[in-house]
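Just below is one structure, and these are the notes that go with it.
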Amino acid sequence: MREGDFSVIDVETTGGSMDNIPVGFELLLTGARCGRTYAMYTSAPESLGQLADLLASFPGPVVTYNGARFDLPVLDDHFERLLGRRLKLKHHYDLMVEIERAAGRRISLDRLCLYTFGEEKVTLGHHRHYGRIWKEEPHRLADYNRRDLDLTHELFMRVLRGEPLFLGDTTVVLPAP
């Protein structure tokens, strides 16, 4: 599998509670990266419809970090409510799920990237402020999202090359899809 054969997605939201996903989460932005091409989608129905079409037709794996528990339920909820259709993916690869299988525990994207290749996420503040940031400085939220896409992309490239991921006190090599 080559770099352009998979797509990475990441959503940015505000509101909601992690105890009740996806209820109460407002979708602000969904970033997608395929190879070196980036796209950003909003929750406007036309934009969301384009994202739904892209995800349904993409032939390779759609890669996420904790997407099975968060990003995909949020997208599915918004697709159903705003578009009247459900999220469809041909293949999904969730790095967090695979890490949990291999190591028996979870780790944040930020810590995993810091331990594995010495890079960190962009600092944006608490999630509850994302709505305000999106209204006042949308470029900051887009930059934050793009950084998460890049970090997730690099982690998945390591998976494809059979390279280890470092969790601080253990190392895992994840199976390629």
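Bear in mind that the values in this text are calculations on the coordinates, not laboratory data. No experiment lies behind these values; they were computed from the predicted model shown. For neighbour counting, all protein chains shown are included, and Cβ atoms are generated from backbone atoms with ideal geometry for every residue, glycine included.
Key figures for this structure:
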read-out	value
Computed [θ] at 222 nm, helices only, for the chain once each DSSP H run of length n ≥ 4 contributes -39500 (n - 2.57)	-11500 deg cm²/dmol
Positive minus negative residues near residue 117 (Lys, Arg vs Asp, Glu; Cβ under 9 Å)	-1
Relative contact order for segment 3-172, counting Cα pairs under 8 Å that sit 6 or more residues apart, in percent	24 percent
Taking segment 8-99 and dividing mean pair separation by its residue count, relative contact order in percent (alpha carbons under 8 Å, at least six apart)	27 percent
Helix axis angle, 138-160 relative to the chain longest principal axis, alpha carbon, degrees	30 degrees
Cα-centred dipole magnitude for the chain, charges only on beta-carbon of K, R (+1) and D, E (-1), debye, nearest 20	180 debye
Residue-span extension gain [residue 3 to residue 176] - 0.36 nm each, minus C-alpha spacing	61.0 nm
Candidate lysines - alpha carbon under 22 Å from residue 121, same-chain residues fewer than 8 apart omitted	135
Exposed-loop-free span, longest in the chain, where trypsin sites (Lys or Arg not before Pro) count as exposed if DSSP calls them loop and at most 11 other C-beta atoms lie within 10 Å	37-104
Ranked list, fewest to most other Cβ atoms within 10 Å of each Cβ, for 122, 74, 8, 97	122, 97, 74, 8
Extension reserve of the residue 47-residue 114 stretch, reckoned as 0.36 nm per residue once the Cα distance is removed	20.8 nm
On Cα atoms only, tilt of 45-57 relative to the major axis of the chain in degrees	40 degrees
Whole-angstrom gap from segment 112-177 to segment 51-97, using each part's C-alpha centre	18 Å
For 96, 40, order by how many other beta-carbon atoms lie within 10 Å, fewest first	40, 96
